[in-house]
Each structure stands twice: as structure tokens, then as C-alpha cells.
1. Of the residues S86, S81, only one is surrounded by fewer than 24 Cβ atoms within 10 Å (Cβ to Cβ), hydroxyl-bearing (S, T, Y), at pLDDT 95 or above and closer than 30 Å to S371 by Cα; which?
2. Can you pull out the residues in the stretch 351-371 that are surrounded by fewer than 24 Cβ atoms within 10 Å (Cβ to Cβ), charged (D, E, K, R) and more than 17 Å from A80 (Cα to Cα)?
3. With touching a Ser or Thr at 6+ places or on another chain (Cβ under 8 Å) and modelled with pLDDT of 95 or more as the only criterion, which of F379, F346 stands out?
4. Return the residue satisfying two criteria in turn: it lies in the stretch 191-229 and is within 21 Å of the chain's Cα centre (by Cα) and acidic (D, E), and of such residues it is nearest to L148 (Cα to Cα).
5. Are there any pairs with C-beta distances below 7 angstrom linking a residue in the stretch 290-303 that is touching a residue at least 40 places away in the same chain (Cβ under 8 Å) and crowded, with 24+ Cβ neighbours inside 10 Å to a residue that is outside any loop (DSSP other than H, G, I, E, B) and among the charged types (D, E, K, R), with the two at least 6 apart or on different chains, and if so which?
6. Of all residues in the stretch 343-368, which are β-branched (V, I, T), touching a residue at least 40 places away in the same chain (Cβ under 8 Å) and more than 16 Å from F102 (Cβ to Cβ)?
7. Residues to consider are A210, A226; find the one that is small (G, A, S) and in contact with a Phe, Trp or Tyr (Cβ under 8 Å, 6 or more places away or on another chain).
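The values are calculated or read from the model by the stated rules, or taken from the named source; none is laboratory data. This one's a predicted model, so the numbers in the text were calculated from it and none came from an experiment. Reconstructed Cβ throughout: ideal geometry from the backbone, glycine too, with neighbour counts over all protein chains shown.
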Amino acid sequence: MTKLPHALILMVAMTLTACGSPGITASSPSASTGGRTPAPSASTTGASPMPSAAVACADRILAGMSEDQRIGQLFLLGLASDRLGSAEIQEIQGDHVGSVWFVDRTYAGEAGVRSVSDAVQAQATAGATANVHFFVAANQEGGITQALQGPGFSVMPSALVQGGWTTAAVASAASTWGQQLQAAGVNMNFAPVMDVVPPGFDSQNQPIGALQREYGHDPATAGSHATAFLQAMRQAGVAVTAKHFPGLGRVTGNTDYTTATDTVTTINDPYLQSFKQGIDGGADFVMIAIATYTRIDPSHLAAFSPLVIGQMLRGTMGFTGVVVSDDLGATVAVAAIPAGDRAISFLAAGGDLVTSKTTGATHAMVLAVRSKVAADTAFRTVVDQAALRVLREKQARGLLPC
């Protein structure tokens, strides 16, 4: 994600939702899991495609789902204030949302985060998700972008600092950090950043360079160190996300607060090689930027561009995993676009998993996708194919009931 987390110490207590029903917070270590055993997470060591048994299982689960349940698998819902409240539960039960993410910074530690993760997994019922468990994600890059902190979580240095280590040192540290995420019930990391910031451009590049989120100032350094990070995380059983394709290292503007534009990157740009290293190294997800690349597709944000997703990422880069969006729910860069149109445009361009920070935007997106599916057989096929890719990734981590 491109968002700079604000320092926010969550209260160590059960909180009440606006409707008066109890919510589970990241600082509630004694929260109930609803009597259900959280889904196991399986370590994976190879790159996509998944083994045939996994594909067969995912196919069977997809065939048994309602269309609304399939659509729900295409959404990653933000947990407001890092809690599972009534609004989030309604989205899971009513809109069948299949994945969630921690949106704020919490100091509740492993126990507090685990309480929320377990409560989320307890929502995986036949009616809500066809008994499919959840990806539970967080921004755990390091430095200023380390969402989960407190007891049980190491203090992670920034990616730029990590980029000065040997790749072996990065892998060793990332293995420990991945094990910590697993212990907290977090099975997906919105990391590593593969973006390359040119030398001397850090202060001018607000989303990456100014925050020291890049692993280096050349594709070889950024790619090798970020790949070491992602491979170690994968071996610890955590799904990893190479981001933000095709790169935010040379944009002006930060998509959280304004529009962002890159007037330099081309369709075969050398700076794309860091992403190629990460994809070849086994990245499970690739996150698409919501910036405009004038020398690639000046008419679309990257997240809405068939050229960026289909031709560049799927074609040239050979990526077969899940394409996930940067936040389409609350960022200023997409605020002028109706929420439903954002989701439809992303999926139509070849995307699979819509990240949305807020319940309101998520609900509007789900309704729009349902309406489009009902009216457009071709789009229904697009949705079903995207849902299958998500389910295959979930099978790889023991999140399916077969």
C-alpha cells in the first residue's frame, strides 16, 4: 500500500461498535474465536502454478459456491481501527467478503493481533464463505511502514536499511518476521516493495523514497534484496505481495493524498526488472499502483489498464498468481470515480482481488459487481476466473475445507 500509517496506540480493551454490539480489537488477547479452530497455514516453497491437487480442490470449492460467494472472494476489506466490529461482520456475512487487512498501526503485540485474526477466521461459515477461510493481511514492510508492533514483533528497519545488508541477512531476518506474522494469525503481507527510486530522487518521491521504502536505487539491488525477503516470508508460510507494479519510484504525488503521475517509465523499462526478479522468485501476489503512466497508458490508471495488467504483467512478466489492487476504497487518487466503477474497471482489466479500506465503499463495489455479473455473461466468466485464482492461493495455505 502507499499509505503512511499514522502512529496510533490502540486501547487494550474490548470496544463497542456503533451499533452497540461488541467488536474484537487487535488489543483484545482474550477475544473468543467462536469455538472454531482457526485455519492452518501451510508453508510453500515453490512458485506458481499450484500443484494439481490444489487446483482440483479449488475447482471443487468454486463449483459449490453461489455467485455472491464467488464475488465476495474478490475483496480484501479493511478492519477499521484494527478491529472486527459489526460493520465488518456484516460485510462478511451479507456480502460474503473473503479476506481482510489491518489498516492502522497497532502496538497490541502478537496476542492482541492474534485475537482479531482468530475472530475473523471464526466467521468462515457455510453461509458466509462456503467454509473458506480468510487471508488476513497487513503492511509489514519495516521502518515507518510496520503496521504490527508490540510484544512478539521485532522492530523492523526500513527497506532502504535492509537493502544495505547482504541478501542472506535479509532472508534470515525476514524468516523471523514471517514466523512472527504466522504466530499472530497474519497469513498475507503487503510486502515487499519492488519499486526503484533513482539516486538523488528520494526527497522528491513522496510515496516511496521520502519514506525509505525502497530496497535500493537500482533494479538489481532492489530486486535481489526484495526477493530474498519474499522468499523467506513464503517459506515461513506467509503469502507475499510484490508492489507497486509498474513502480512508484519515479512518480510525482502520493496516491493517498492526490493523483500520482509517472512520465518516465516505459513498457520495457529497465526499472521493471526488480519486479521480474520478484515474480520469478515466487511472488504470490502483485499489487498494481493507482498512478498514471503517461508513456505506457495515459488514458487509464495502472489498476484499470488492460495493457499494464494483461500485456505487461501477465504477458511480458509471465505472472500467473493473484493481481491485487492498491486501496480502491479511500485513496484520493480514485475519489472522483464511483466506488462500483472502480471495482468493475479493475476486474475487467485483469485484476483479481480488490483492496478496499472502508465497509461503505466495499459494499458499493460488491453490489456493482453483482449487477454487472447478472447482466454480462462474459464479465461473469472474468469474475469466476479471478475467484479461482484467489482460491488456489488459499488452498496453498490450508484455507480451503478440502
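1. S86
2. Matches in the stretch 351-371: R370 only.
3. Selected residue: F346, the only one of F379, F346 that is touching a Ser or Thr at 6+ places or on another chain (Cβ under 8 Å) and modelled with pLDDT of 95 or more.
4. The selected residue is E214.
5. A291/D262; Y293/D262
6. V354, V366
7. Being small (G, A, S) and in contact with a Phe, Trp or Tyr (Cβ under 8 Å, 6 or more places away or on another chain) holds for just one of A210, A226, which is A226.
Condition check ((1) in a helix (DSSP H, G or I); (2) under 19 Å from the mean Cα position of the chain (by Cα); (3) under 21 Å from G360 (Cβ atoms)) across all residues:
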residue: V240; (1), (2), (3): no, yes, no
residue: T255; (1), (2), (3): no, yes, yes
residue: I279; (1), (2), (3): yes, yes, no
residue: G282; (1), (2), (3): no, yes, no
residue: M287; (1), (2), (3): no, yes, no
residue: S299; (1), (2), (3): no, no, no
